[in-house]
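Chemist: The structure under discussion is supplied below as C-alpha coordinates; questions concerning it will follow.
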Amino acid sequence: MAEQSKVTFIITRQDGPESAPYEETFEIPYRQNMNVISGLMEIRQNPVNAKGEKTTPVMWDMNCLEEVCGACSMVINGTARQSCAALVDQLEQPIRLEPMSTFPVVRDLIVDRERMFDALKQVKAWIPIDGTHDLGPGPRMPENKRQWAYELSKCMTCGVCLEACPNVNDKSNFIGPAAISQARLFNAHPTGEMNASDRLNGLMEDGGIDGCGNSQNCVQVCPKGIPLTTSIAAMNRATNIQAFKNFFGSDSAL
Amino acid sequence: MAEQREFFYRRLHSFLGVVPIGIFLVQHLIVNHFAVYGEESFNQAAGFMGGLPFVLLLEIFVIYLPILFHAILGVYIVFTARNNVSRYGFFRNWMFKIQRITGIITLIFIVWHVFETRVQIGLGNAEANYTLMEGILTNPFMFWFYVIGVISTVFHFANGLWSFLVTWGITQSPKSQRISTYACIVVFFAVSYLGIRTLIRFAYGV
Ligand code: HEM
Ligand code: SF4
Ligand code: FES
(Lines give C-alpha, C1' and ligand atoms only; values in the text may rest on other atoms or scores of the structure.)
(Ligands and ions follow the chains in the order given, each with its own letter.)
Protein backbone atom coordinates (compact mmCIF):
# COMPACT_ATOMS: atom_id res chain seq x y z
CA MET A 1 0.00 0.00 0.00
CA ALA A 2 1.38 3.34 -1.09
CA GLU A 3 0.16 5.42 1.86
CA GLN A 4 1.57 2.79 4.20
CA SER A 5 5.08 3.23 2.86
CA LYS A 6 5.97 5.88 5.44
CA VAL A 7 5.47 6.13 9.19
CA THR A 8 5.42 9.58 10.82
CA PHE A 9 6.58 10.08 14.39
CA ILE A 10 6.20 13.38 16.27
CA ILE A 11 8.54 13.10 19.23
CA THR A 12 8.80 15.38 22.23
CA ARG A 13 12.52 15.70 22.81
CA GLN A 14 14.65 17.21 25.53
CA ASP A 15 18.44 17.41 25.42
CA GLY A 16 19.00 17.13 29.15
CA PRO A 17 17.27 17.27 32.54
CA GLU A 18 17.36 21.09 32.63
CA SER A 19 16.76 21.92 28.97
CA ALA A 20 13.46 22.91 27.40
CA PRO A 21 11.41 20.28 25.55
CA TYR A 22 10.79 20.64 21.81
CA GLU A 23 9.03 18.59 19.15
CA GLU A 24 10.70 16.94 16.20
CA THR A 25 9.00 15.07 13.35
CA PHE A 26 10.48 12.02 11.66
CA GLU A 27 9.36 10.06 8.62
CA ILE A 28 10.68 6.58 8.30
CA PRO A 29 10.04 3.78 5.81
CA TYR A 30 7.22 1.42 6.77
CA ARG A 31 7.98 -2.22 7.38
CA GLN A 32 5.54 -4.97 8.27
CA ASN A 33 4.88 -5.70 11.99
CA MET A 34 6.84 -2.67 13.16
CA ASN A 35 6.55 -1.59 16.77
CA VAL A 36 7.42 1.81 18.19
CA ILE A 37 10.87 0.63 19.25
CA SER A 38 11.79 -0.63 15.80
CA GLY A 39 10.72 2.79 14.54
CA LEU A 40 13.00 4.46 17.07
CA MET A 41 15.84 2.14 16.01
CA GLU A 42 15.27 3.22 12.42
CA ILE A 43 15.63 6.86 13.50
CA ARG A 44 18.78 6.03 15.42
CA GLN A 45 20.27 4.43 12.32
CA ASN A 46 19.60 7.50 10.24
CA PRO A 47 18.90 10.53 12.47
CA VAL A 48 17.42 12.85 9.86
CA ASN A 49 14.16 14.65 10.65
CA ALA A 50 11.20 15.18 8.32
CA LYS A 51 12.70 18.46 7.05
CA GLY A 52 15.74 16.51 5.90
CA GLU A 53 18.00 18.02 8.59
CA LYS A 54 20.56 15.86 10.33
CA THR A 55 19.86 15.70 14.04
CA THR A 56 20.90 13.76 17.13
CA PRO A 57 19.43 10.25 17.52
CA VAL A 58 16.38 10.06 19.78
CA MET A 59 17.20 8.41 23.11
CA TRP A 60 14.88 5.94 24.84
CA ASP A 61 15.11 3.21 27.43
CA MET A 62 14.49 -0.48 26.83
CA ASN A 63 15.54 -3.85 28.03
CA CYS A 64 13.41 -6.98 27.69
CA LEU A 65 11.45 -6.07 24.52
CA GLU A 66 8.63 -8.33 25.70
CA GLU A 67 6.67 -6.16 28.16
CA VAL A 68 8.14 -7.53 31.35
CA CYS A 69 10.80 -5.02 32.42
CA GLY A 70 8.85 -1.77 32.23
CA ALA A 71 11.83 0.29 31.09
CA CYS A 72 10.40 1.39 27.75
CA SER A 73 7.25 3.11 29.07
CA MET A 74 6.35 6.38 27.36
CA VAL A 75 3.25 8.34 26.39
CA ILE A 76 2.13 7.12 22.98
CA ASN A 77 -0.68 9.07 21.31
CA GLY A 78 -1.70 10.44 24.69
CA THR A 79 -1.66 7.30 26.82
CA ALA A 80 1.20 5.86 28.78
CA ARG A 81 2.22 2.34 27.76
CA GLN A 82 5.18 0.17 26.80
CA SER A 83 6.72 1.14 23.48
CA CYS A 84 7.95 -2.41 22.84
CA ALA A 85 4.37 -3.65 22.91
CA ALA A 86 2.93 -0.81 20.82
CA LEU A 87 2.45 -2.02 17.25
CA VAL A 88 2.61 0.63 14.54
CA ASP A 89 -0.24 -1.00 12.59
CA GLN A 90 -2.55 -0.48 15.55
CA LEU A 91 -1.64 3.18 16.10
CA GLU A 92 -3.16 6.23 14.54
CA GLN A 93 -0.70 8.31 12.53
CA PRO A 94 1.17 10.54 13.10
CA ILE A 95 2.40 8.65 16.14
CA ARG A 96 3.12 11.04 18.98
CA LEU A 97 5.74 10.02 21.51
CA GLU A 98 6.31 11.91 24.76
CA PRO A 99 8.20 11.07 27.93
CA MET A 100 5.99 10.28 30.94
CA SER A 101 5.29 13.65 32.59
CA THR A 102 5.18 12.29 36.14
CA PHE A 103 8.90 11.61 36.18
CA PRO A 104 11.93 13.84 35.63
CA VAL A 105 13.23 13.57 32.07
CA VAL A 106 16.82 12.41 31.69
CA ARG A 107 16.95 12.83 27.94
CA ASP A 108 14.33 12.64 25.16
CA LEU A 109 12.07 9.72 26.10
CA ILE A 110 14.17 8.47 29.02
CA VAL A 111 12.76 9.28 32.45
CA ASP A 112 14.08 8.69 35.94
CA ARG A 113 11.72 6.38 37.84
CA GLU A 114 13.71 6.56 41.07
CA ARG A 115 10.68 7.77 43.05
CA MET A 116 9.10 4.36 42.47
CA PHE A 117 12.08 2.63 44.05
CA ASP A 118 12.02 5.08 46.95
CA ALA A 119 8.35 4.18 47.33
CA LEU A 120 9.22 0.47 47.52
CA LYS A 121 11.72 1.32 50.25
CA GLN A 122 9.11 3.34 52.13
CA VAL A 123 6.81 0.31 52.29
CA LYS A 124 9.67 -2.21 52.75
CA ALA A 125 8.59 -4.22 49.73
CA TRP A 126 10.88 -7.16 50.38
CA ILE A 127 11.09 -10.08 52.80
CA PRO A 128 13.91 -9.81 55.34
CA ILE A 129 15.18 -13.39 55.63
CA ASP A 130 18.92 -12.78 55.63
CA GLY A 131 20.62 -14.41 58.59
CA THR A 132 23.97 -15.86 59.59
CA HIS A 133 22.56 -19.36 59.83
CA ASP A 134 20.07 -21.54 57.95
CA LEU A 135 16.59 -20.48 59.03
CA GLY A 136 14.99 -23.61 57.61
CA PRO A 137 11.96 -23.72 55.31
CA GLY A 138 9.36 -21.01 55.70
CA PRO A 139 5.63 -21.57 56.27
CA ARG A 140 3.60 -22.79 53.31
CA MET A 141 1.24 -20.60 51.36
CA PRO A 142 -2.37 -21.55 50.60
CA GLU A 143 -2.83 -22.19 46.89
CA ASN A 144 -5.69 -19.75 46.35
CA LYS A 145 -3.68 -16.97 47.98
CA ARG A 146 -0.67 -17.86 45.88
CA GLN A 147 -2.79 -17.44 42.79
CA TRP A 148 -3.83 -13.86 43.47
CA ALA A 149 -0.45 -12.96 44.94
CA TYR A 150 1.10 -14.12 41.67
CA GLU A 151 -0.98 -11.54 39.82
CA LEU A 152 0.37 -8.79 42.08
CA SER A 153 3.92 -10.05 41.60
CA LYS A 154 3.74 -9.24 37.89
CA CYS A 155 4.36 -5.54 38.58
CA MET A 156 7.38 -4.32 36.60
CA THR A 157 7.59 -0.84 38.17
CA CYS A 158 6.88 0.60 34.73
CA GLY A 159 5.24 3.76 36.07
CA VAL A 160 2.19 3.73 33.79
CA CYS A 161 -0.19 3.70 36.76
CA LEU A 162 1.57 6.70 38.31
CA GLU A 163 1.46 8.57 35.01
CA ALA A 164 -2.31 7.99 34.71
CA CYS A 165 -3.05 8.95 38.33
CA PRO A 166 -4.34 12.52 38.76
CA ASN A 167 -2.99 12.57 42.31
CA VAL A 168 0.60 11.67 41.43
CA ASN A 169 2.13 14.99 40.41
CA ASP A 170 4.52 17.69 41.53
CA LYS A 171 1.91 19.30 43.82
CA SER A 172 1.26 16.11 45.75
CA ASN A 173 3.44 13.59 47.56
CA PHE A 174 1.17 10.59 46.94
CA ILE A 175 3.17 7.36 46.76
CA GLY A 176 1.19 6.00 43.79
CA PRO A 177 -0.65 2.71 43.22
CA ALA A 178 2.27 0.37 42.44
CA ALA A 179 3.95 0.42 45.87
CA ILE A 180 0.60 0.07 47.68
CA SER A 181 -0.06 -3.12 45.75
CA GLN A 182 3.48 -4.35 46.46
CA ALA A 183 2.93 -3.85 50.19
CA ARG A 184 -0.15 -6.04 49.85
CA LEU A 185 1.87 -8.65 47.94
CA PHE A 186 4.57 -8.94 50.60
CA ASN A 187 2.04 -8.86 53.42
CA ALA A 188 0.28 -11.79 51.78
CA HIS A 189 3.44 -13.88 51.86
CA PRO A 190 3.53 -16.19 54.92
CA THR A 191 7.07 -15.08 55.84
CA GLY A 192 6.56 -11.49 54.74
CA GLU A 193 3.49 -11.35 56.94
CA MET A 194 5.77 -11.36 59.99
CA ASN A 195 6.72 -7.78 59.13
CA ALA A 196 3.27 -6.71 57.97
CA SER A 197 2.95 -3.86 60.44
CA ASP A 198 6.25 -2.32 59.25
CA ARG A 199 4.91 -2.12 55.71
CA LEU A 200 1.56 -0.74 56.87
CA ASN A 201 3.30 1.91 58.92
CA GLY A 202 5.35 2.78 55.85
CA LEU A 203 2.12 3.20 53.87
CA MET A 204 0.80 5.50 56.60
CA GLU A 205 3.79 7.81 56.54
CA ASP A 206 3.34 11.26 55.01
CA GLY A 207 3.13 10.89 51.26
CA GLY A 208 1.71 7.39 51.65
CA ILE A 209 -1.58 5.67 50.91
CA ASP A 210 -3.74 8.58 52.09
CA GLY A 211 -3.18 10.52 48.86
CA CYS A 212 -5.44 8.16 46.91
CA GLY A 213 -8.64 9.85 45.74
CA ASN A 214 -10.16 6.84 43.95
CA SER A 215 -9.97 7.99 40.35
CA GLN A 216 -9.21 4.33 39.57
CA ASN A 217 -7.29 5.13 36.39
CA CYS A 218 -4.47 2.88 37.56
CA VAL A 219 -6.44 -0.34 37.30
CA GLN A 220 -7.60 0.60 33.81
CA VAL A 221 -4.14 1.28 32.44
CA CYS A 222 -1.90 -1.31 34.14
CA PRO A 223 -0.42 -3.39 31.30
CA LYS A 224 -0.19 -6.37 33.65
CA GLY A 225 -3.86 -6.24 34.64
CA ILE A 226 -2.96 -5.95 38.32
CA PRO A 227 -6.07 -5.39 40.49
CA LEU A 228 -4.62 -2.15 41.88
CA THR A 229 -7.86 -0.72 43.22
CA THR A 230 -8.58 -3.93 45.11
CA SER A 231 -5.09 -3.69 46.57
CA ILE A 232 -5.61 -0.06 47.54
CA ALA A 233 -8.95 -0.78 49.25
CA ALA A 234 -7.43 -3.80 51.02
CA MET A 235 -4.50 -1.69 52.23
CA ASN A 236 -6.91 1.08 53.24
CA ARG A 237 -8.60 -1.41 55.54
CA ALA A 238 -5.32 -2.82 56.83
CA THR A 239 -3.79 0.62 57.54
CA ASN A 240 -6.94 1.78 59.32
CA ILE A 241 -6.80 -1.27 61.58
CA GLN A 242 -3.06 -0.73 62.08
CA ALA A 243 -3.73 2.89 63.08
CA PHE A 244 -6.15 1.73 65.77
CA LYS A 245 -3.66 -0.91 66.92
CA ASN A 246 -0.89 1.66 67.09
CA PHE A 247 -3.00 3.92 69.27
CA PHE A 248 -5.04 1.58 71.42
CA GLY A 249 -3.20 -1.71 71.06
CA SER A 250 -0.63 -3.47 73.17
CA ASP A 251 1.59 -5.28 70.67
CA SER A 252 4.58 -2.96 70.89
CA ALA A 253 7.32 -2.81 73.52
CA LEU A 254 5.94 0.29 75.23
CA MET B 1 9.15 6.44 62.29
CA ALA B 2 8.33 9.28 59.96
CA GLU B 3 5.27 11.43 60.52
CA GLN B 4 1.82 9.93 59.99
CA ARG B 5 -0.10 13.17 60.41
CA GLU B 6 -1.36 13.39 56.83
CA PHE B 7 -2.85 9.92 57.12
CA PHE B 8 -4.74 10.97 60.22
CA TYR B 9 -6.00 14.21 58.67
CA ARG B 10 -7.15 12.49 55.49
CA ARG B 11 -8.98 9.77 57.39
CA LEU B 12 -10.60 12.41 59.57
CA HIS B 13 -11.59 14.35 56.44
CA SER B 14 -13.20 11.24 55.00
CA PHE B 15 -14.96 10.33 58.24
CA LEU B 16 -16.33 13.84 58.81
CA GLY B 17 -17.75 13.86 55.27
CA VAL B 18 -20.24 11.19 56.36
CA VAL B 19 -20.33 11.53 60.16
CA PRO B 20 -21.59 14.11 60.96
CA ILE B 21 -21.74 16.23 57.77
CA GLY B 22 -23.48 13.69 55.53
CA ILE B 23 -25.91 12.68 58.25
CA PHE B 24 -26.65 16.32 58.93
CA LEU B 25 -27.27 16.97 55.24
CA VAL B 26 -29.84 14.19 54.96
CA GLN B 27 -31.48 15.19 58.23
CA HIS B 28 -31.59 18.85 57.12
CA LEU B 29 -33.28 17.98 53.84
CA ILE B 30 -35.79 15.67 55.54
CA VAL B 31 -36.77 18.36 58.04
CA ASN B 32 -37.08 20.95 55.26
CA HIS B 33 -39.26 18.58 53.29
CA PHE B 34 -41.97 19.19 55.90
CA ALA B 35 -42.61 22.37 53.93
CA VAL B 36 -44.29 20.21 51.31
CA TYR B 37 -47.00 19.35 53.88
CA GLY B 38 -47.66 23.02 54.50
CA GLU B 39 -46.33 26.11 56.22
CA GLU B 40 -47.56 24.93 59.60
CA SER B 41 -45.69 21.60 59.42
CA PHE B 42 -42.46 23.26 58.32
CA ASN B 43 -42.52 25.85 61.08
CA GLN B 44 -43.21 23.14 63.62
CA ALA B 45 -40.31 20.95 62.40
CA ALA B 46 -37.90 23.89 62.11
CA GLY B 47 -39.03 25.10 65.50
CA PHE B 48 -38.28 21.69 67.00
CA MET B 49 -34.75 21.67 65.54
CA GLY B 50 -34.14 25.25 66.63
CA GLY B 51 -35.45 24.43 70.10
CA LEU B 52 -33.09 21.50 70.76
CA PRO B 53 -31.18 21.88 74.02
CA PHE B 54 -27.67 23.35 73.65
CA VAL B 55 -28.49 24.15 70.04
CA LEU B 56 -25.51 26.47 69.59
CA LEU B 57 -23.07 23.87 70.95
CA LEU B 58 -24.64 21.23 68.74
CA GLU B 59 -24.32 23.49 65.73
CA ILE B 60 -20.68 24.28 66.46
CA PHE B 61 -19.48 20.74 67.10
CA VAL B 62 -21.75 18.78 64.79
CA ILE B 63 -21.89 21.22 61.87
CA TYR B 64 -19.59 24.23 61.76
CA LEU B 65 -16.27 22.79 62.92
CA PRO B 66 -16.56 19.54 60.91
CA ILE B 67 -17.56 21.41 57.72
CA LEU B 68 -14.82 23.96 58.26
CA PHE B 69 -12.19 21.24 58.58
CA HIS B 70 -13.57 19.22 55.66
CA ALA B 71 -13.84 22.30 53.46
CA ILE B 72 -10.37 23.69 54.17
CA LEU B 73 -8.59 20.38 53.63
CA GLY B 74 -11.00 19.72 50.73
CA VAL B 75 -9.95 22.87 48.87
CA TYR B 76 -6.32 21.89 49.37
CA ILE B 77 -7.04 18.40 47.98
CA VAL B 78 -8.83 19.91 44.98
CA PHE B 79 -5.80 21.97 44.06
CA THR B 80 -3.29 19.16 44.44
CA ALA B 81 -4.97 17.05 41.73
CA ARG B 82 -4.01 17.24 38.07
CA ASN B 83 -7.21 16.18 36.36
CA ASN B 84 -6.72 14.20 33.16
CA VAL B 85 -10.13 13.11 31.89
CA SER B 86 -9.20 14.19 28.36
CA ARG B 87 -6.53 11.47 28.27
CA TYR B 88 -8.11 8.96 30.60
CA GLY B 89 -11.88 9.38 30.21
CA PHE B 90 -12.97 6.50 32.44
CA PHE B 91 -16.18 6.70 34.48
CA ARG B 92 -14.42 6.82 37.85
CA ASN B 93 -11.98 9.46 36.65
CA TRP B 94 -14.96 11.65 35.73
CA MET B 95 -16.50 11.03 39.15
CA PHE B 96 -13.16 12.01 40.69
CA LYS B 97 -13.17 15.29 38.78
CA ILE B 98 -16.85 16.04 39.44
CA GLN B 99 -16.29 15.27 43.15
CA ARG B 100 -13.78 18.11 43.18
CA ILE B 101 -15.87 20.53 41.11
CA THR B 102 -18.96 19.91 43.26
CA GLY B 103 -16.81 20.39 46.38
CA ILE B 104 -16.02 23.95 45.25
CA ILE B 105 -19.63 24.70 44.16
CA THR B 106 -20.87 23.30 47.46
CA LEU B 107 -18.48 25.52 49.39
CA ILE B 108 -19.74 28.65 47.63
CA PHE B 109 -23.33 27.54 48.09
CA ILE B 110 -22.97 26.72 51.79
CA VAL B 111 -21.23 30.02 52.58
CA TRP B 112 -24.00 31.97 50.88
CA HIS B 113 -26.79 29.84 52.32
CA VAL B 114 -25.47 30.10 55.90
CA PHE B 115 -24.95 33.84 55.52
CA GLU B 116 -28.46 34.37 54.21
CA THR B 117 -30.19 32.22 56.81
CA ARG B 118 -28.30 31.38 60.01
CA VAL B 119 -26.22 34.55 60.16
CA GLN B 120 -29.20 36.80 59.45
CA ILE B 121 -31.23 34.96 62.08
CA GLY B 122 -28.36 35.32 64.55
CA LEU B 123 -28.16 39.05 63.85
CA GLY B 124 -31.87 39.33 64.48
CA ASN B 125 -32.60 40.38 60.88
CA ALA B 126 -34.68 37.31 60.12
CA GLU B 127 -36.60 34.49 61.70
CA ALA B 128 -36.19 30.80 60.92
CA ASN B 129 -39.54 30.10 59.32
CA TYR B 130 -41.38 29.34 56.10
CA THR B 131 -41.62 33.01 55.13
CA LEU B 132 -37.85 33.45 55.15
CA MET B 133 -37.28 30.65 52.63
CA GLU B 134 -40.30 31.64 50.57
CA GLY B 135 -38.89 35.15 50.32
CA ILE B 136 -35.56 33.86 49.09
CA LEU B 137 -36.81 31.22 46.68
CA THR B 138 -39.56 33.12 44.91
CA ASN B 139 -36.74 35.01 43.23
CA PRO B 140 -36.08 32.88 40.08
CA PHE B 141 -32.32 33.53 40.19
CA MET B 142 -32.07 32.35 43.76
CA PHE B 143 -34.31 29.38 42.98
CA TRP B 144 -31.88 28.17 40.33
CA PHE B 145 -28.89 29.00 42.51
CA TYR B 146 -30.40 26.77 45.18
CA VAL B 147 -31.23 24.01 42.67
CA ILE B 148 -27.60 23.92 41.52
CA GLY B 149 -26.34 24.17 45.09
CA VAL B 150 -28.53 21.33 46.34
CA ILE B 151 -27.78 19.00 43.42
CA SER B 152 -24.07 19.73 43.73
CA THR B 153 -24.05 19.07 47.48
CA VAL B 154 -26.07 15.89 47.14
CA PHE B 155 -23.86 14.61 44.32
CA HIS B 156 -20.78 15.36 46.41
CA PHE B 157 -22.31 13.50 49.32
CA ALA B 158 -23.51 10.48 47.32
CA ASN B 159 -20.28 10.02 45.37
CA GLY B 160 -18.38 10.75 48.57
CA LEU B 161 -20.24 7.93 50.23
CA TRP B 162 -18.98 5.58 47.53
CA SER B 163 -15.43 6.76 48.05
CA PHE B 164 -15.82 6.65 51.84
CA LEU B 165 -16.61 2.93 51.55
CA VAL B 166 -13.31 2.44 49.69
CA THR B 167 -11.27 4.70 51.98
CA TRP B 168 -12.41 2.67 54.98
CA GLY B 169 -11.72 -0.60 53.20
CA ILE B 170 -15.35 -1.72 53.34
CA THR B 171 -15.82 -2.26 49.59
CA GLN B 172 -12.70 -3.97 48.27
CA SER B 173 -13.74 -6.31 45.47
CA PRO B 174 -14.62 -4.82 42.06
CA LYS B 175 -18.07 -6.39 42.41
CA SER B 176 -18.83 -4.74 45.74
CA GLN B 177 -17.55 -1.42 44.39
CA ARG B 178 -19.83 -1.76 41.37
CA ILE B 179 -22.87 -2.51 43.50
CA SER B 180 -22.08 0.38 45.83
CA THR B 181 -21.95 2.61 42.74
CA TYR B 182 -25.56 1.64 42.00
CA ALA B 183 -26.54 2.14 45.64
CA CYS B 184 -24.97 5.62 45.67
CA ILE B 185 -26.81 6.52 42.46
CA VAL B 186 -30.05 5.62 44.24
CA VAL B 187 -28.97 7.77 47.22
CA PHE B 188 -28.22 10.63 44.84
CA PHE B 189 -31.67 10.57 43.24
CA ALA B 190 -33.57 9.99 46.47
CA VAL B 191 -31.87 12.78 48.41
CA SER B 192 -31.95 15.13 45.39
CA TYR B 193 -35.69 14.55 45.15
CA LEU B 194 -36.13 15.53 48.81
CA GLY B 195 -34.19 18.74 48.30
CA ILE B 196 -35.63 19.82 44.97
CA ARG B 197 -39.22 19.00 45.94
CA THR B 198 -38.85 21.32 48.93
CA LEU B 199 -37.38 24.13 46.81
CA ILE B 200 -40.32 23.87 44.40
CA ARG B 201 -42.75 24.16 47.29
CA PHE B 202 -41.09 27.30 48.62
CA ALA B 203 -40.79 28.88 45.19
CA TYR B 204 -44.13 28.00 43.64
CA GLY B 205 -46.29 27.00 46.59
CA VAL B 206 -47.03 23.59 45.08
C1 HEM C 1 -22.44 19.32 52.75
C2 HEM C 1 -21.17 19.36 52.65
C3 HEM C 1 -20.27 18.20 52.33
C4 HEM C 1 -20.48 16.84 52.46
C5 HEM C 1 -21.72 16.14 52.95
C6 HEM C 1 -19.27 16.19 52.04
C7 HEM C 1 -19.08 14.82 52.03
C8 HEM C 1 -17.96 14.20 51.57
C9 HEM C 1 -17.72 12.78 51.63
C10 HEM C 1 -18.65 11.75 52.22
C11 HEM C 1 -16.52 12.54 51.03
C12 HEM C 1 -15.87 11.18 50.82
C13 HEM C 1 -14.67 10.98 51.69
C14 HEM C 1 -13.79 9.87 51.19
O15 HEM C 1 -13.37 9.90 50.03
O16 HEM C 1 -13.50 8.96 51.96
C17 HEM C 1 -16.02 13.79 50.60
C18 HEM C 1 -14.83 13.94 49.92
C19 HEM C 1 -14.34 15.15 49.50
N20 HEM C 1 -14.83 16.41 49.82
FE21 HEM C 1 -16.59 16.77 50.75
N22 HEM C 1 -18.36 17.13 51.64
C23 HEM C 1 -18.94 18.37 51.81
C24 HEM C 1 -18.38 19.59 51.54
C25 HEM C 1 -17.17 19.76 50.91
C26 HEM C 1 -16.60 21.04 50.64
C27 HEM C 1 -17.20 22.40 50.97
C28 HEM C 1 -15.40 20.80 50.01
C29 HEM C 1 -14.43 21.85 49.56
C30 HEM C 1 -14.10 22.10 48.39
C31 HEM C 1 -15.24 19.36 49.89
C32 HEM C 1 -14.18 18.70 49.28
C33 HEM C 1 -14.02 17.33 49.21
C34 HEM C 1 -12.99 16.65 48.47
C35 HEM C 1 -11.89 17.29 47.65
C36 HEM C 1 -13.18 15.28 48.66
C37 HEM C 1 -12.36 14.15 48.06
C38 HEM C 1 -11.40 13.59 49.03
C39 HEM C 1 -10.68 12.41 48.48
O40 HEM C 1 -11.12 11.86 47.47
O41 HEM C 1 -9.67 12.04 49.05
N42 HEM C 1 -16.33 18.77 50.47
N43 HEM C 1 -16.89 14.79 50.94
S1 SF4 D 1 1.15 -1.72 38.88
FE2 SF4 D 1 1.01 -2.08 36.64
S3 SF4 D 1 1.09 0.00 35.77
FE4 SF4 D 1 1.78 0.19 37.88
S5 SF4 D 1 4.01 0.04 37.77
FE6 SF4 D 1 3.26 -2.06 38.14
S7 SF4 D 1 3.00 -2.96 36.10
FE8 SF4 D 1 3.21 -0.75 35.79
S1 FES E 1 11.49 -3.16 26.89
FE2 FES E 1 10.86 -4.21 28.71
S3 FES E 1 8.76 -3.66 28.81
FE4 FES E 1 9.36 -2.81 26.91
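Chemist: Helix-derived [θ] at 222 nm for chain B: sum -39500 (n - 2.57) over DSSP H runs of at least 4, divide by residue count, nearest 500?
Modeler: Mean residue ellipticity at 222 nm (helix-derived): -23000 deg cm²/dmol.
Chemist: Under a plain spin-label model, where a point goes 7 Å from the Cα along Cα-to-Cβ, how far apart in nm are B:Q44 and B:V85?
Modeler: 4.4 nm
Chemist: Something else: Shielding by partners for B:82-89, please: the mean number of other protein chain Cβ atoms within 10 Å of each residue's Cβ.
Modeler: Partner Cβ neighbours, averaged per residue: 6.
Chemist: Here's something else I'd like to know. Ignoring ligands, DNA and RNA, please state the percent of accessible area on chain B from carbon and sulfur, probe 1.4 Å.
Modeler: Of the solvent-accessible surface of chain B, carbon and sulfur hold 75 percent.
Chemist: So how exposed is A:M59, as accessible area in Å² (1.4 Å probe, rounded to 10)?
Modeler: Only protein atoms counted, so the area is about 80 Å².
Chemist: Over the Cα atoms of chain A, what is the Rg over Rh ratio if Rh follows Kirkwood?
Modeler: 1.07
Chemist: Mean residue ellipticity at 222 nm from the helices of chain A, using -39,500 (n - 2.57) per DSSP H segment of n ≥ 4 over the full residue count, to the nearest 500 deg cm²/dmol?
Modeler: So the helix-based figure for chain A works out to -9500 deg cm²/dmol.
Chemist: I've got another one for you. Taking GluC sites (Glu not before Pro) as exposed when DSSP calls them loop (any state but H, G, I, E, B) and at most 10 other Cβ atoms lie within 10 Å, what is the longest stretch of chain A free of them, the sites themselves excluded?
Modeler: My reading of the result: A:93-254 is the longest stretch.
Chemist: Would you mind giving the total buried accessible surface between chains B and A, with a 1.4 Å probe and ligands, DNA and RNA left out, rounded to the nearest 100 Å²?
Modeler: 3200 Å²
Chemist: Shifting gears a bit: Would you check the protein assembly as shown for Lys pairs whose C-alpha atoms are within less than 17 Å, ignoring same-chain pairs closer than 8 in sequence, and give me the count?
Modeler: 4
Chemist: Sticking with the crude label model, points 7 Å out along Cα→Cβ, report the distance from B:W112 to A:E151 in nm, one decimal please.
Modeler: Result: 4.6 nm between the two label points.
Chemist: Let me ask something else about it. Which whole-number percent gives the relative contact order of the range A:114-248, counting Cα pairs below 8 Å spaced six or more residues apart?
Modeler: 31 percent
Chemist: Using the heavy atoms of the protein chains and a 1.4 angstrom probe, tell me the accessible area per residue for chain B in square angstrom.
Modeler: Result: 54 Å² of accessible area for each residue.
Chemist: Is there a simple number for the mean count of other chain Cβ atoms within 10 Å of the Cβ of residues in A:235-242, and what is it?
Modeler: Per-residue shielding by partner chains comes out at 4.
Chemist: Taking the solvent-accessible surface of protein heavy atoms with a 1.4 Å probe, what is the per residue accessible area of chain A in Å²?
Modeler: 49 Å²
Chemist: If you don't mind, another one. Report the FRET efficiency, 1/(1 + (r/R0)^6), for A:K54 and A:T191, where r is their Cβ-Cβ distance and R0 is 45 Å, rounded to 0.05.
Modeler: 0.20
Chemist: Still on this structure: Using +1 at the C-beta of Lys and Arg and -1 at the C-beta of Asp and Glu, which of A:S38, A:G211, A:A234 has the Cα lying farthest in the positive direction of the dipole of chain A?
Modeler: The listed residue farthest towards the positive side: A:A234.
Chemist: Moving on to the next point. Where in chain B are the DSSP H helices whose alpha-carbon span along the long axis reaches 20 Å or more and whose Kyte-Doolittle mean is at least 0.0?
Modeler: Span-like helices here: B:65-79, B:91-114, B:140-167, B:174-204.
Chemist: Dipole of the range A:2-111, Cα-centred, from +1 at each Lys and Arg C-beta and -1 at each Asp and Glu C-beta, to the nearest 20 debye?
Modeler: 140 debye
Chemist: Please report, as a whole percent, how much of the solvent-accessible surface of the range A:114-248 comes from carbon and sulfur atoms (probe radius 1.4 Å).
Modeler: Carbon and sulfur together cover 54 percent of it.
Chemist: Which of A:P166, B:F54, A:V106 sits closest to the plus end of the dipole of the protein assembly as shown, meaning its Cα is farthest towards the positive end, when Lys and Arg get +1 and Asp and Glu get -1 on the C-beta?
Modeler: It is B:F54.
Chemist: Between A:I37, A:I76, A:I127, where does the largest GNM mean-square fluctuation fall for chain A, given springs only between Cα atoms within less than 10 Å?
Modeler: With Cα springs under 10 Å in chain A, the top fluctuation among A:I37, A:I76, A:I127 is at A:I127.
Chemist: Could you pull the accessible area for B:F24 with a 1.4 Å probe, rounded to 10 Å²?
Modeler: Using a 1.4 Å probe on the heavy atoms, I get roughly 50 Å².
Chemist: Report the per residue volume, in Å³, of the convex hull enclosing the C-alpha atoms of the protein assembly as shown.
Modeler: Convex hull of Cα atoms, per residue: 220 Å³.
Chemist: Considering protein heavy atoms only and a 1.4 Å probe radius, which residues within the range A:188-213 exhibit an accessible-area decrease of no less than 50 Å² in the full assembly relative to the chain by itself?
Modeler: Buried on complex formation: A:M204, A:E205, A:D206, A:D210.
Chemist: How well do other chains shield peptide A:76-85, expressed as the mean number of their Cβ atoms within 10 Å of each residue Cβ?
Modeler: Average per residue, whole number: 1.
Chemist: Under a Cβ-Cβ cut-off of 15 Å, what is the net charge of the residues other than A:M59 that fall near it, where Lys and Arg count +1 and Asp and Glu count -1?
Modeler: Net charge around A:M59: -4.
Chemist: Pick from A:R113, A:R237, A:R140: which is most flexible by mean-square fluctuation in a GNM of chain A where alpha carbon atoms under 10 Å apart are linked?
Modeler: A:R140
Chemist: Pick out which of B:V78, B:V187, B:V114 has the largest mean-square fluctuation in a Gaussian network model of chain B, springs linking Cα atoms closer than 10 Å.
Modeler: Maximum among the listed residues: B:V114.
Chemist: Across chain B, where is the longest run that never hits GluC sites (Glu not before Pro) in a DSSP loop with at most 14 other C-beta atoms within 10 Å?
Modeler: B:4-126
The values are calculated or read from the model by the stated rules, or taken from the named source; none is laboratory data. Fair warning: this is a prediction, and the values are worked out from it, not measured in the lab. FYI the Cβ positions are ideal-geometry reconstructions off the backbone, even for glycines, and counts take in every protein chain you see. For the accessible areas, the whole protein counts, side chains as well, though only heavy atoms, and no ligand, DNA or RNA atoms are used. Shrake-Rupley method; radii C 1.70, N 1.55, O 1.52, S 1.80 Å.
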